[in-house]
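The values are calculated or read from the model by the stated rules, or taken from the named source; none is laboratory data. A quick note: this is a predicted structure, and the numbers were derived from the prediction, not measured. Here the Cβ positions follow ideal geometry from the backbone for every residue, glycine too, while neighbour counts run over all protein chains shown.
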Amino acid sequence: MGVLRGLLPRLTRRQMALIGIPLTLGGLATAGAVAVLIFLGASGGTIRPAPVQPIAYDHAVHAGDNAIPCEFCHRGVSTGAVATIPSVEQCMYCHAVVGQDLPGVLRLAAKWEAQEPIEWTRVHRLPDHVRFVHVTHIDANIPCETCHGDVETFAVMKQVNALNMGECMGCHRDTTNQPASSASPSGNAVLKSSASLDCAVCHR
Amino acid sequence: MSNPHETAALAATLEGNGALIGEDEGGSDGHRWGMVVDADLCTGCQACVVSCYAENNIAISEEDRITGGRAKTWIRIERYWEGEFPHAKARFVPVLCQHCDNAGCETVCPVWATYHNDEGLNVQVYNRCVGTRFCANGCVYSARYFNFWDAEWPTPLDYQLNPDVTVRTKGIIEKCTFCVQRIQRAKTEANRDNRELADGDVQPACVQSCPTSALVFGDLHDAESQVAQAVHSERGFRLLENSGFEPAVTYLAKIDPHAKEATTAHE
Amino acid sequence: MHLGRRKFLAGVAGTAGGVVIVGCAAPERESRVQSFVLAPEHSLPGDSVWFATADAHSNVGNSVVVRTVDGRAKKVEGNPAFPINQGKTDVRAQAAVQSLYHPDRIKTPMIPAGKRGDGRYEEIIWERALDMLGAAIGPAGSFHLVTSRLTGTEARVAGAFADLVGGDHLVYEPIENGTFQAAVKKILGVDNTPHFDIANAGTVLSFGADFVGTWGSSVMYSQAYSRMRGGNRGRLTQLETRMSMTGASADNWIYVKPGQEGALALSIAQVIVAEALVHFDVWRDVVEAIGGVDVLNQYAPDVVAERTGVTVTTVQEIAREFVDRQPGVAFAGGPALAQTNGLDNGAAVLFLNLVVGNLDKAGGVLANPMAPAHIPAPLPETPFAGWRSYTDDLAAGTVPDVLFVYDADPAYGIPGNPGFADAIAEVPFVVGMSSFMNETVGLADLILPATHPFEAWGDFTADPGPGTQVVGFQQPVTTPWNDARSFGDVLLTLAPEIKGEGALPWASMHEAVRAGAEKLFGMEETGAAFDASWVELLRRGGAWEQAADVSEFAALPDWDATALAGPEFAGDAGSFNFHLIPFATIAIGAGNESESPWLQSVGDPLTTVTWTSWAELNPETAAELGVGTGDVVAIDARHGTIEVPVFVSPVTPPDVVAVPIGRGRNFGGRWRRDRGENIFSVLDPMTDTGTGSLAWASTRARVRSVDRKIAMPTLERVEEPRNDVEEPVLEVEGE
């Protein structure tokens, strides 16, 4: 500062405060904003409000009242990476005969009639640099509600966990060296006992 | 908003890294991925290069990027001349990330975006990378590529992108991953089918396409595997071996019936 | 506008907020997820589904499996069960997905918006295009169909359509195969490509054939090469005028003067006979058949050493090694056959196989079965001489009423004057069908978008086969993202409109290909019983167990060695002091695949040059001309001049300037257009005297500096050597 002093015009204390305080505050605010952005970017997001869907699909009725297993509709969950959203055709397997006069089912039937896909709004979304594989977790006996909450009570599907890396890591550490039970819900092989902490498992 | 697991998780990762330095055995699966490149079989055909482009969503190297020295090819085929016409020869060497056990890139990263995992992979975590490019300077094989630009794939070219591989943004380093997405896929499938990974279950894109089978990939810990057998060939050497980076890629020397003597510098 | 402080601050805040929102939120489309309407039978969203189909860019018959996710093709791998490529692929097969999703593909039918060929087009719908076609072809007095070397059912449909409307079908291919096939006919007496058993050979003598790169069934040969190198490690001797990729992998690389390959081959034969390296019984009859020992003696190494540029000792060594390390195989390709004496060069080289008696032997030359008549091998091309006179006729006013060009680009590749582009000016109606615009399609009155092979039905018989009959099937692995249609389907739609229902026996390519497969198994009449087999065939990608009789080699060659003449060159040696040797590169071949930026950015193996054309010059020659790598030179030939940058290469002979084929195009998308120069434009229209094929390596040229330098797009960087002498990067061992 001593060197700079000679180069800068002489300022009164008041002038310095007038310039310095806003500059400092501005700098702090910028740094804070950057930090928040980095945090948001790194943490994989927050819990977002439940979106409005084109058809008011009610998980409480399907998974709760009628006790339809998750896998009945989300068929990819025990074979691959993606749990998958059921096709319109699959909804119509039941709704060709069940609840035909309900408003939601009428909308569904209209889509089926027109042979158009339904454009749902995503509830759970991971950032692009994460590759989550459902089948591995199902085979390790992780219940769906660990991440997705008590879906059978949700009239409107919503996100209950932030699904950020801290949550993943927490679980992965907890299950390290815990033996898995011999029965896996998908009927597939029993996964080895520990979850990996290797970055490359999810970040590829 | 902060997650109580976060700091602990980071510490656990660090511990893991610390324990691995200088350790050859280890890892829950006990895999040790490695590659053998037979220089006697490489014909320079470039199939591996484009196979890698397609598998790994590698940005197009436009002409000005190449003249500017910023071509991006995770695997490239270097050509070395020997002699003058009419006795001139050309030799081909495919060069990719060597997944060094004692890597120059790993120690210099200030944010642990690159590290060695317990299966011998030199992993680049894109979402951690802040683009200091220290690692690229630390790599004697020039196997690390910095993204000076965001990649562009005018629609519908983006339909081709591999959904298993992250599309990298500008400002970060990327490099050969030994097709880690294929390793993970093979493991998931093996687990699902209740079996152990067999030799040949994992083939990186370059290995799978190579028309002369000059590239061999596999688990060095599996003594029966093709790669574990090949790695002990008396023709084996490693690129810039004296640099001491302990690469996981072994090269087999080109055989030349007319070579007066082996031009090895190390024996 | 006056900006008050308060307003300014509000603006800043708004902008900052905007930045935060843009920075954090995922793109809108990524928060949408569509459910399928129908559940696909064997796939779930996000899962990979693999389909076997034909290698889009191969004309020799490789089968691939394509990974698709949610209906999009992602990655090409070799079909592991297929006997030709055995799970492997070449660089162009890998880039097929990029050509499929290329943003500059022709998307809809188009007609010129102004004058034909001025580059402005108007999009129309298919119904109108088909009406135009029907109206033009129906009453046409003459109809000419020009295609590439079509194969299988597509070839048969094209031929049947041309016959139906009383037209002619011409086949165009810039790098012709006819000379090779004619040489095979003369020496071996068969009409298909034999199987050169490289895998089991002790010695391979390749005269200019870049068999691990751009010649023949290169993926099959590459694997054979790999097996040859295992075990006892067979030797490869490459004799050529410009070092090819294969030459770079050879144990012996021998420079032979252009057009002297035949003389050199007979010289090797002479040594074998004169030194009695092989038993008299083996060679007596075949040598007698080509003119006797006296004729061979005219090619004694000391007599022809000057002509061939190969020393007596070298010839003797090659001959002795070839005999010592039997079984062995000899073949010729590339520039060796692209000479005025190409046919006789090819015959002389193939004759070496007879001298050592290695026909029908493992490690030698094996016969292949002919392709089944209804799934033909790639059609033979119309020889260049035919194309030259056809072009002259067109220019002179003898024009067809309708010229339909599919997947061929004669306007780019036919050297000589007048050019094909000028010649078709008088044709009343030109139809161009292709996936990409090219020099010919750009001049059409009606432009039709063709499907990529991954979107269409087809089949092929591998040529050459591995000694057995191998048939492959091509099925659509994805639906077209644009408004493209398959060529076969367009013809099959037109046929009934022009000639009434039942004009051709099939309604679609799918039906035609399936009918062909049924016939292959003698199940034409079984109908539904074939359904299961058909699915299984498609799943495997082909059929290769069916028995087929191989062609029989002739007992004696039908060739007179006295017919072998010296090569003739275009341009006198005094003023045109270089041999201009064009060559196909592994990535873009003759230029048909150059639309792909992957293939453009892949380095040529020997020079590592990307994206542009170059001229390879010997270091001493370059020094005499005062040029280095990156300096632009003009290459003057009798028929024109092109300017390309120099690449100084220590493997280039001093009297050769080598320039790659395939660049210098005015059409075909952002990554193909205006890159490098078209070497065909300066070639002399010389032909092989035996077959009329283009003698593309017989042009002479002179080279001069034009005092201009460009930044050379090479992947290699030339730096001052570090301590590489102490520590060579690549190690080499003796045997």
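Summary table
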| quantity | calculated |
| --- | --- |
| Residues located in the range C:224-254, provided they are facing another protein chain (nearest Cβ under 7 Å), without any contact (Cβ under 8 Å) to a residue 40 or more places away in the chain and buried (at least 24 other Cβ atoms within 10 Å of the Cβ) | C:Tyr225, C:Ser249 |
| Residue list for the range C:616-661, restricted to those being away from chain B (no Cβ under 14 Å), acidic (Asp, Glu) and under 20 Å from C:Leu683 (Cα atoms) | C:Asp636, C:Glu643 |
| Residue in the range B:22-36 that is outside any loop (DSSP other than H, G, I, E, B), within 21 Å of B:Arg182 (Cα to Cα), of a type in the set (A, V, I, L, M) and at pLDDT 50 or above present | yes |
| The range B:38-53, subset more than 7 Å from chain C (Cβ to nearest Cβ) and either free of Cβ contacts under 8 Å to residues at least 40 places away in the same chain or over 18 Å from C:Lys75 (Cα atoms) (or both), residue farthest from the chain's Cα centre (by Cα) | B:Cys42 |
| C:Glu624 more than 27 Å from C:Arg388 (Cα to Cα), surrounded by fewer than 22 Cβ atoms within 10 Å (Cβ to Cβ) and acidic (Asp, Glu) | yes |
| Filter result for the condition that a residue is touching a Gly at 6+ places or on another chain (Cβ under 8 Å) and within 14 Å of chain A (Cβ to nearest Cβ), over B:Pro163, B:Pro257 | B:Pro163 |
| Sole residue being in contact (Cβ under 8 Å) with a residue 40 or more places away in the chain, crowded, with 23+ Cβ neighbours inside 10 Å and not assigned by TED's automatic domain parsing to the domain that holds C:Gly259, chosen from C:Gly668, C:Gly692 | C:Gly668 |
| Residue check, C:Phe404 crowded, with 23+ Cβ neighbours inside 10 Å, more than 26 Å from C:Glu123 (Cβ to Cβ) and among the aromatic types (Phe, Trp, Tyr) | no |
| Filter pass, A:Val130 being over 27 Å from B:Val180 (Cβ atoms), assigned to a loop (DSSP other than H, G, I, E, B) and of a type in the set (A, V, I, L, M) | no |
| First in the range C:462-480 and closer than 14 Å to C:Trp544 by Cβ, second anywhere and charged (D, E, K, R), Cβ under 7 Å, 6 or more apart | C:Val471/C:Asp459; C:Gly472/C:Asp459; C:Phe473/C:Asp459 |
| Helices (runs of 4 or more DSSP H) enclosed by the range C:226-302 - at least 1 residues per element that are within 32 Å of the chain's Cα centre (by Cα) | C:245-248, C:261-274 |
| The range C:147-171, residues that are within 15 Å of C:Pro400 (Cβ to Cβ) and either assigned to a loop (DSSP other than H, G, I, E, B) or in contact with a Phe, Trp or Tyr (Cβ under 6 Å, 6 or more places away or on another chain) (or both) | C:Thr147, C:Val165, C:Gly166, C:Gly167 |
| Residues (more than 12 Å from the chain's Cα centre (by Cα) and either more than 7 Å from every other protein chain (Cβ to nearest Cβ) or within 20 Å of A:Arg75 (Cα to Cα) (or both)) located in the range A:110-123 | A:Ala110, A:Lys111, A:Trp112, A:Glu113, A:Ala114, A:Pro117, A:Ile118, A:Glu119, A:Trp120, A:Thr121 |
| Single unsatisfied condition, B:Gly200 versus (1) within 13 Å of another protein chain (Cβ to nearest Cβ); (2) closer than 28 Å to B:Cys139 by Cα; (3) surrounded by fewer than 17 Cβ atoms within 10 Å (Cβ to Cβ) | (2) |
| Scan of the range C:69-98 for residues that are part of a loop (DSSP other than H, G, I, E, B) and facing chain B (nearest Cβ under 7 Å), ordered by number | C:Lys88, C:Thr89, C:Asp90, C:Ala95 |
| Among the candidates B:Phe237, B:Phe217, residue that is more than 9 Å from every other protein chain (Cβ to nearest Cβ), of a type outside the set (Asp, Glu) and over 12 Å from B:Asp40 (Cβ atoms) | B:Phe217 |
| Conditions (1) of a type in the set (D, E, K, R); (2) more than 22 Å from B:Ala186 (Cβ to Cβ); (3) surrounded by 18 or more Cβ atoms within 10 Å (Cβ to Cβ); number of the one not met by B:Asp219 | (2) |
| Criterion (crowded, with 23+ Cβ neighbours inside 10 Å, more than 14 Å from B:Ile58 (Cβ to Cβ) and either in contact (Cβ under 8 Å) with a residue 40 or more places away in the chain or more than 14 Å from chain C (Cβ to nearest Cβ) (or both)) met by exactly one of B:Cys109, B:Cys176, B:Cys100 | B:Cys100 |
| Test: residue in the range B:124-137 that is within 14 Å of chain C (Cβ to nearest Cβ) and within 21 Å of A:Leu197 (Cα to Cα) | no |
| Tally of residues being in contact with a His (Cβ under 9 Å, 6 or more places away or on another chain), at pLDDT below 90 and either buried (at least 22 other Cβ atoms within 10 Å of the Cβ) or away from chain B (no Cβ under 14 Å) (or both) across the range C:695-735 | 1 |
| Residue match in the range C:206-219 (condition: crowded, with 24+ Cβ neighbours inside 10 Å and away from chain B (no Cβ under 14 Å)) | yes |
| Considering residues of the range C:551-580 that are among the hydrophobic types (A, V, I, L, M, F, W, C) and not in a loop (DSSP other than H, G, I, E, B) only, the residue modelled with the lowest pLDDT | C:Ala563 |
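Yes/no per residue for (1) over 15 Å from C:Phe36 (Cα atoms); (2) free of Cβ contacts under 8 Å to residues at least 40 places away in the same chain; (3) more than 7 Å from every other protein chain (Cβ to nearest Cβ); (4) within 21 Å of the chain's Cα centre (by Cα):
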| position | (1), (2), (3), (4) |
| --- | --- |
| A:Asp58 | yes, no, yes, yes |
| A:Arg75 | no, yes, no, yes |
| A:Gln100 | yes, yes, yes, no |
| A:Leu108 | no, no, yes, no |
| A:Arg125 | yes, no, no, yes |
| A:Arg131 | yes, no, no, yes |
